[in-house]
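To start, the structure under review is shown below, and the notes come after it.
The values are calculated or read from the model by the stated rules, or taken from the named source; none is laboratory data. Bear in mind that the values here come from a model prediction, so they are computed numbers and not experimental data. Positions of Cβ are backbone-derived with ideal geometry, glycine not excepted, and every protein chain shown enters the neighbour counts. Please note that ligands, DNA and RNA were not included when accessible areas were found on the heavy atoms of the full protein model with its side chains. Shrake-Rupley method; radii C 1.70, N 1.55, O 1.52, S 1.80 Å.
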Amino acid sequence: MAGSGLFGEILDGDVFKYYSDGEWKKSSSGKSVSIINPTTRKPQYKVQACTQEEVNKVMDIAKTAQKAWAKTPLWKRAELLHKAAAILKEHKAPIAECLVKEIAKPAKDAVTEVVRSGDLISYCAEEGVRILGEGKFLTSDSFPGNERSKYCLVSKIPLGVILAIPPFNYPVNLAVSKIGPALIAGNSLVLKPPTQGAVAALHMVHCFHLAGFPKGLISCVTGKGSEIGDFLTMHPGVNCISFTGGDTGIAISKKAGMIPLQMELGGKDACIVLEDADLDLVASNIVKGGFSYSGQRCTAVKVVLVMESVADAVVEKVKAKVAKLTVGPPEDDCDITPVVSESSANFIEGLVMDAKTKGATFCQEYKREGNLIWPLLLDHVRPDMRIAWEEPFGPVLPVIRINSVEEGIHHCNASNFGLQGCVFTKDINKAIMISDAMETGTVQINSAPARGPDHFPFQGLRDSGIGSQGITNSITMMTKIKSTVINLPAPTYTMG
């Protein structure tokens, strides 16, 4: 049960504490923020509403702790990360329970997220030791006009204090994907979890606490975005921001100072289906890609661009599979569970009604009960419909029929987003050519878009983000280059 047993010290009455300087604390504000259960639509948990002054203290402590941590041997940093990973995986059940109640993640998927997060931390520890334990040695005489009079030693050093802001849909996994690289690289980290998912994140942070990381190295502040959101992202003590989410990231990037940014901001991932594709494979991947976790994934299939000659067959196969999806509460491991909030459900409904007004074909009856929306496939969608371009983040998938590959590529590239895409064809040469033409961070060939495995590069173009993620890229991004140049005295003897 959340906040009990090993996790008892993170709860005060009915309000979960925030984490600072190696301790679980109550906010001086005396206020809390309620977390609404998406399924019951009633308050489930409460977290502290931290103040700006508490954020200032966290930043000061993080800066001091980072200086000492940067001097800690790499093998010791890795050892602590491995320990945290083991504790996290051992106590997956209460953390998974939080994911079920906070974000309506199906129970089995919730456990998978926690285990995957432990594996990510361990991999990060090993990769960090490898890439940070190496440097470069340069000599001056490789550049024209220079003698061999200078030696340059190049190494990677930490940035300082990392601000990590994960999204609601993977509040544990997309938190540790920032925490692990930051810590192994010698940084300190301040975590601002999403409101929905905050309690799961607090439990995860307690695993790092139990692993024995130095005080102040990791902090976790909760509260209202209106009170501490901009204050955090514009704080002068922050040396790097790693953010995963939506449009908020664009606003953050405009306000942040001259610091490195790692932003993943969503997508409108297109699935291009050619005439020679394996249509059973296509249908399976469209359903998996479009409806897993009720479509609340940045890498979900968001629009199907299918050649007209096979469109009828694809739609029928997808309809048959959609009919088999189970719909209900996350505790029952249903395929389709409630979306995260009423406002999300209302936004999705707005896209559906717009498509209905403009003549889209509904392959299923539109049905909604509270935050629970039944899976819906929309055929004959046109570019003048909002659903053709906007990201629903829900179990609604548009199908646009195309008459040429060029038409599909054009639609993909005309989007404001450019996260991922996929193409289905048996012609690998054609697949590579289409991949080269698609302006997205990743293109999957004969599989639905996906983030991972977690060591693969993950990045987007345009409004989908800045920089690249994935374990190796994140570690590198959270460091900077340090050069030490040894100037040799001019030789006083003649060689020979």
Within the range 422-494, what whole-number % of the accessible surface is contributed by carbon and sulfur, with the 1.4 Å probe and all protein chains included in the calculation? 57
For q = 0.13, 0.16, 0.20, 0.26 Å⁻¹, what log10 I(q)/I(0) does the range 404-496 give under the Debye formula with an equal point scatterer on each alpha carbon and no solvent? -0.56, -0.75, -1.01, -1.31
Largest first and in whole Å, give the semi-axes of the range 1-75's equivalent ellipsoid, each being the square root of 5 times a Cα gyration tensor eigenvalue. 29, 16, 11
Cβ-based charge dipole, the chain, positive-most Cα from Ile61, Ala313, Met385: Ile61
Find the accessible area per residue for the chain; the probe is 1.4 Å, ligands and nucleic acids are left out, and the unit is Å². 41
Over every pair of different alpha-carbon atoms in the chain, take the mean of 1/r and invert it; report that Kirkwood radius in Å. 24.0
What full-extension length gain, to one decimal in nm, is calculated for Thr72 and Asp436 as 0.36 nm per residue of separation minus the Cα-Cα distance? 126.7 nm
Ranked order, Tyr366, Tyr19 - accessible area, probe 1.4 Å, largest first: Tyr366, Tyr19
Scan around Lys105 for amide H atoms under 5 Å from its own, H built in the peptide plane at 1.01 Å from N, and keep only partners 5 or more places away or cross-chain. Val100
So who's got an amide H within less than 5 Å of the one on Ile336, skipping anything under 5 residues away but keeping other chains? H placed 1.01 Å off N, in plane. Thr326, Val327, Gly328
For His380, solvent-accessible area (1.4 Å; no DNA, RNA or ligand), Å²: 90
Pop out the carbon and sulfur fraction of the accessible area of the range 56-203 as a percent, whole number, probe 1.4 Å. 57
Relative pair counts by distance (%), Cα atoms of the range 170-276, 5 Å bins: 2, 10, 20, 23, 20, 11, 5, 3, 3, 2, 1, 0
Counting only residues 5 or more places away or on other chains, whose amide H sits under 5 Å from the amide H of Ala185 once H atoms are built in the peptide plane? none
Quotient of C-alpha Rg and 2.2 N^0.38 Å, computed over the range 254-296: 1.86
Exactly which GluC sites (Glu not before Pro) in the range 321-387 are in a DSSP loop and have at most 12 other Cβ atoms within 10 Å? Glu365
For the peptides 185-196, 430-441, 270-281, what is the packing order when you average, over each peptide's residues, the other Cβ atoms within 10 Å and list the highest mean first? 185-196, 270-281, 430-441
In the range 331-480, what is the volume of the convex hull around the alpha carbon atoms, normalised per residue and reported in Å³? 164
Of Met1, Val282, Pro375, which is farthest along the charge dipole of the chain in the positive direction, counting Lys and Arg as +1 and Asp and Glu as -1 at C-beta? Met1
Treating every alpha carbon of the range 251-334 as one equal point scatterer without solvent, the Debye formula yields log10 I(q)/I(0) values at q = 0.16 Å⁻¹ of -0.71
I want the local charge near Leu274. Using Cβ-Cβ distances under 14 Å, sum +1 for each Lys or Arg and -1 for each Asp or Glu among the other residues. -4
Magnitude of the Cβ-charge dipole of the range 55-118, K/R +1 and D/E -1, about the Cα centre, nearest 20 debye? 300
Could you run the Karplus curve 6.51 cos²θ - 1.76 cosθ + 1.60 with θ = phi - 60° over the range 279-296 and give me ³J(HN,Hα) per residue in whole Hz, x for Gly and Pro? 5, 5, 5, 4, 4, 4, 6, 5, 5, 5, x, x, 10, 4, 6, 6, x, 8
Quick one: helix 92-103 against the long Cα principal axis of the chain, what's the angle to the nearest 10°, folded into 0 to 90? 50
Using a 1.4 Å probe and counting only protein heavy atoms, arrange Trp75, Trp24, Trp69, Trp389 so the residue with the most accessible area comes first. Trp75, Trp389, Trp24, Trp69
Using only Cα atoms, tell me the angle between helix 74-90 and the longest principal axis of the chain; keep it within 0 to 90° and round to the nearest 10. 30
Report, in degrees rounded to the nearest 10, the 0 to 90 angle that the Cα long axis of helix 173-184 makes with the longest principal axis of the chain. 10
Residue list for the range 99-125, given a label point 7 angstrom along the Cα-to-Cβ vector of Thr326 and an amide N cut-off under 13 Å: 106-109
When the expected Rg is taken as 2.2 N^0.38 Å, what fraction or multiple of it is the alpha-carbon Rg of the range 1-130? 1.22
